[in-house]
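The values are calculated or read from the model by the stated rules, or taken from the named source; none is laboratory data. Because the structure is a prediction, the values reported are computed rather than measured. So basically every Cβ, Gly included, is an ideal-geometry build from the backbone, and we count neighbours across all protein chains shown. Surface accessibility is based on the protein's heavy atoms, side chains included, excluding ligands, DNA and RNA. Shrake-Rupley method; radii C 1.70, N 1.55, O 1.52, S 1.80 Å.
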Amino acid sequence: MKNDILKRLRYSLGKDAGAASVQDWRMALSLVLRDQLVDVWLDSARRAEVNASKRVYYLSMEFLIGRLIEDMISNLGLDAAARDAVEALGQDYDMIVHDEPDAALGNGGLGRLAACFMDSLATLGIPAFGYGIRYEHGLFEQSFVDGAQAESPETWLSQRHVWEFERPEVQHRIGFGGHVSRDGGRATWHPDNMVVATGYDTPVVGWQGEWGNTLRLWSAKPVNPFDLESFNRGDYLAASRSEALARTISRVLYPDDTTENGKELRLKQEYFFTAASIMDLMCRHMEEDGDIRALPEHVAIQLNDTHPAIAGPELVRLLVDDHGLAMAEAITLARRCLAYTNHTLLPEALERWPEGLFARVLPRHLEIIREIEAAQQAEFPGSPHILEHGDVCMGELAFVMAHKVNGVSALHTDLVKKTVFAELHRIHPTRIVNQTNGITPRRWLHGCNPALRDLITQQLGDTWVSDLEQLAALKAKRSDTSFIQAFQQAKRSNKVALSNWISETCGVALDPDAMFDVQIKRIHEYKRQLMNLLETVALWNEMRDDPDRDWTPRVKIFGGKAAPGYVLAKQIIHLINDVARVVNADPATKGRLRIVFPPNYNVTMAERLIPAADLSEQISTAGKEASGTGNMKFALNGALTIGTLDGANVEIRDHVGSENFFLFGLTASEVVDRRHQHGFSRAAIEASPRLQRVLGQIFEGRFSPEDPHRHHGLIGMLYDHDHFLVTCDFDSYYDTQRRADVVFQNSRNWASMALMNTASMGWFSSDRTIQGYARDIWQADAPRSALERSA
Ligand SMILES: *Cc1c(COP(=O)(O)O)cnc(C)c1O
């Protein structure tokens with residue numbers, strides 16, 4: 001391996017060892033690893049083709065991948081070999097591995113789910129493609145300027161992305177605009193604008209390198225890169241105008257994950273990658289099989305949310321306009337290929353596009369949507385409309401064109417049936433199914449937590465990595481003193497490592513024996529970072545009032561980005577930083593309370609923080625978090641959860657046991673009832689002197705003396721429009737936190753509860769989730785060996 005690295009350094013990068021930078025060494029190592037992936041990858045592709053396997057196509061606007069190098073190393077079983085080789089070359093292995101920039105092609109949970117699914121599909125040996133967009137700029141980078149969020153563009157492609165293969169020969173022409181002509185019965189779309197989608201392939205090889213799938217990301221290029229005539233006239237800007245316009249489509253990731261803005265560019269992005277993916281899979285099918293009517297036997301298309309919902313009309317368009325099928329048959333055939341995952345009940349997040357915009361950008365698709373709507377109304381009169389109030393409703397479109405629709409946790413699926421799609425569910429009572437989300441144990445335990453991984457492997461051997469339910473065997477160790485000590489030691493070493501990193505990045509010294517209380521996720525009102533912060537201020541007050549009490553020392557850790565246009569979320573960030581500044585400077589609570597907010601939360605930071613957490617904050621307003629996956633990562637790594645009965649928290653609590661979970665707050669149905677009570681938030685505030693005091697302090701500028709009015713808006717919102725019931729759940733949350741304090745004082749008991757969490761989380765492997773999709777939705781088989789291994 002050492003020689004291979006030197007060879008790559010020299011012949012692929014053109015450097016000699018003396019002149020190589022950390023980045024050069026990292027690239028050379030990555031290229032050596034990539035060579036090893038390629039054999040499995042090409043072999044898998046060939047086997048899928050020979051066996052005429054059904055393939056899964058996972059269409060997602062986002063893939064939040066993070067760094068790949070450690071995945072590649074450990075999935076190939078080369079951990080020791082890679083470290084030895086790099087060290088023999090006199091280089092710092094950890095520094096080299098950490099040099100890779102995060103591929104941040106996603107906002108949060110939805111994109112991270114897609115990345116975990118790719119890992120599980122490959123590990124299970126299910127032939128699959130992930131399809132998405134190769135954004136030139138991923139999610140913005142966050143920094144704090146005087147406590148306020150500042151955004152700057154992310155530039156992961158400023159260095160070469162070593163894992164990918166450019167496929168200049170994989171090209172599809174994507175049209176926009178224009179008009180539709182008719183010749184007899186046959187429609188032809190004449191777009192007035194074209195771009196080319198080019199594929200970039202990244203191999204995704206599963207655990208132990210037995211199977212490899214492809215993540216194919218599309219980049220937009222101009223059809224004619226360059227207008228020579230303008231150039232020769234000296235008009236250089238005009239000469240490259242078409243190039244600039246085309247590239248705009250794959251330029252940036254929309255940084256907004258729960259609200260949709262009706263931007264034309266966003267619609268174009270959605271159509272661009274969906275159409276390229278559908279054309280790509282159709283070409284593959286026609287080459288391999290040739291019978292268009294056999295498509296559903298060979299193709300399962302999963303739509304990750306409504307962003308690729310245009311897949312339905314696009315597939316119908318190709319079937320009718322290019323392959324000559326009748327409309328009714330095309331709709332039925334397309335539906336048999338398509339399935340749709342719903343991720344949110346928040347009404348503002350369900351995509352709707354103005355019909356006028358649609359007519360301008362996708363005229364033929366609008367016609368087809370009208371036909372789909374007419375067919376649905378003819379078959380089921382009074383069915384909810386796809387076209388309503390001048391909008392195209394993408395949720396209804398996705399539902400009607402899918403043979404299965406799934407929610408992402410038991411509670412969420414239940415609410416999908418009762419709320420957003422209640423009427424469609426009545427008409428199609430077997431269409432909605434549940435597939436509770438999961439996380440890949442390769443990244444979220446084996447990779448990110450070597451201390452705990454080694455302890456588990458000592459006990460169980462290493463087959464748990466692809467069969468996570470084996471962790472249940474650890475339950476027998478809950479009263480085993482020496483095992484519990486080793487488990488505590490693993491956590492403590494992670495906390496020491498995190499403390500060192502926090503001290504370097506935030507300049508705050510932490511006590512590794514304090515309770516590390518962590519809330520990391522997108523900043524959103526429904527996730528209630530604000531409630532966590534109010535509780536922190538209340539605790540600070542109480543510590544100052546009663547300095548002699550035996551307080552449990554706490555470190556409050558926050559992390560997360562706010563969408564740049566989400567004003568309230570940005571105010572919450574500012575408030576957290578303001579409170580942190582005052583509290584961390586207070587000698588009265590030194591050693592007892594610390595607040596840190598390291599900027600630019602991403603996958604790599606999650607991998608650092610989660611193994612060091614004692615307490616996991618999963619405190620969303622019940623009924624609002626579809627599933628959550630952060631909650632699973634923490635529990636798997638031995639953190640106890642303080643949480644509401646929301647999303648997958650419900651199922652996590654069922655698995656780990658109610659005695660090992662700090663539950664508080666209103667239930668989803670209580671939330672609905674409470675919202676109907678007039679003046680509920682003022683009543684809650686009046687009933688809580690503790691909360692009143694905190695709100696008063698913030699209102700008076702106690703934490704922002706240089707700008708005492710800074711947080712008036714937030715506090716006023718809590719009095720008058722507390723849509724997410726922060727005030728109603730506050731007391732219950734505060735009391736539950738104090739209960740956690742008491743439990744934490746008995747560190748041995750805490751560790752035993754934490755162990756019960758780790759040992760009970762096997763079901764939350766994304767391997768289980770993917771097996772559920774394969775069985776209930778895709779009817780796709782894994783090759784025998786992979787199925788047996790995971791059985
Ligand atoms: C897991 C993960 C998320 C999702 O977290 P939730 O707590 O489920 O919202 C978001 N961002 C990153 C970087 C993650 O790793």
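Looking at segment 664-682, which of its residues are under 29 Å from Asp578 (Cβ atoms) and open to solvent by 60 Å² or more (accessible area, probe 1.4 Å)?
Of everything in segment 664-682, just one residue is under 29 Å from Asp578 (Cβ atoms) and open to solvent by 60 Å² or more (accessible area, probe 1.4 Å), namely Arg682.
Between Thr413, Thr440, which is under 17 Å from Val650 (Cβ atoms), hydroxyl-bearing (Ser, Thr, Tyr) and either surrounded by fewer than 23 Cβ atoms within 10 Å (Cβ to Cβ) or at pLDDT 95 or above (or both)?
Answer to the selection: Thr413.
For a quick check of your reading: which strands (runs of 3 or more DSSP E) sit entirely within segment 565-677 and have at least 1 residues that are within 14 Å of the ligand (Cβ to nearest atom), under 14 Å from Ile520 (Cα atoms) and in contact (Cβ under 8 Å) with a residue 40 or more places away in the chain? Spell out how you get there, then give the answer.
Numbers: elements: 593-596, 615-618, 640-643.
In segment 565-677, 615-618, 640-643 are the strands (runs of 3 or more DSSP E) which contain 1 or more residues that are within 14 Å of the ligand (Cβ to nearest atom), under 14 Å from Ile520 (Cα atoms) and in contact (Cβ under 8 Å) with a residue 40 or more places away in the chain.
Among the residues of segment 755-764, are any modelled with pLDDT of 95 or more, surrounded by fewer than 18 Cβ atoms within 10 Å (Cβ to Cβ) and either in contact with a Leu (Cβ under 6 Å, 6 or more places away or on another chain) or assigned to a helix (DSSP H, G or I) (or both)?
Looking through segment 755-764, none of the residues is modelled with pLDDT of 95 or more, surrounded by fewer than 18 Cβ atoms within 10 Å (Cβ to Cβ) and either in contact with a Leu (Cβ under 6 Å, 6 or more places away or on another chain) or assigned to a helix (DSSP H, G or I) (or both).
For segment 492-511, how many residues meet the condition of being open to solvent by less than 30 Å² (accessible area, probe 1.4 Å) and either within 16 Å of the ligand (Cβ to nearest atom) or not β-branched (Val, Ile, Thr) (or both)?
5
Would a scan of segment 529-542 turn up a residue that is at pLDDT 95 or above, within 22 Å of Leu64 (Cβ to Cβ) and open to solvent by less than 10 Å² (accessible area, probe 1.4 Å)?
yes
Given Glu287, Glu270, Glu314, which one is in a helix (DSSP H, G or I), out of contact with any Asp or Glu (no Cβ under 7 Å at 6 or more places or on another chain), surrounded by fewer than 16 Cβ atoms within 10 Å (Cβ to Cβ) and of a type outside the set (S, T, N, Q)?
Glu287
Does segment 15-24 hold any residues that are open to solvent by 60 Å² or more (accessible area, probe 1.4 Å) and over 36 Å from the mean Cα position of the chain (by Cα), and which are they?
Lys15, Asp16, Gly18, Ala19
I'd like to check something: does segment 363-370 contain any residue that is open to solvent by less than 40 Å² (accessible area, probe 1.4 Å), within 29 Å of Ala774 (Cα to Cα) and either at pLDDT below 95 or part of a loop (DSSP other than H, G, I, E, B) (or both)?
Within segment 363-370, not a single residue is open to solvent by less than 40 Å² (accessible area, probe 1.4 Å), within 29 Å of Ala774 (Cα to Cα) and either at pLDDT below 95 or part of a loop (DSSP other than H, G, I, E, B) (or both).
Please count how many residues of segment 117-145 are within 16 Å of the ligand (Cβ to nearest atom) and under 14 Å from Leu59 (Cα atoms).
Of the residues in that region, 2 qualify.
Among what's in segment 512-537 and is of a type in the set (D, E, K, R) and not in a helix (DSSP H, G or I), pick the residue that is farthest from the ligand (Cβ to nearest atom).
Applying the filter and picking the extreme gives Asp513.
Considering only residues that are over 24 Å from Leu245 (Cβ atoms) and in a strand (DSSP E or B), which ones fall in segment 170-187?
Of everything in segment 170-187, those that are over 24 Å from Leu245 (Cβ atoms) and in a strand (DSSP E or B) turn out to be Ser181, Arg182, Asp183, Arg186, Ala187.
Looking only at segment 511-526, count how many residues are in contact (Cβ under 8 Å) with a residue 24 or more places away in the chain, over 11 Å from Ile557 (Cα atoms) and not acidic (Asp, Glu).
6
Here's a check for you: in segment 177-194, which residue that is among the hydrophobic types (A, V, I, L, M, F, W, C) and open to solvent by 10 Å² or more (accessible area, probe 1.4 Å) is nearest to the chain's Cα centre (by Cα)?
Met194
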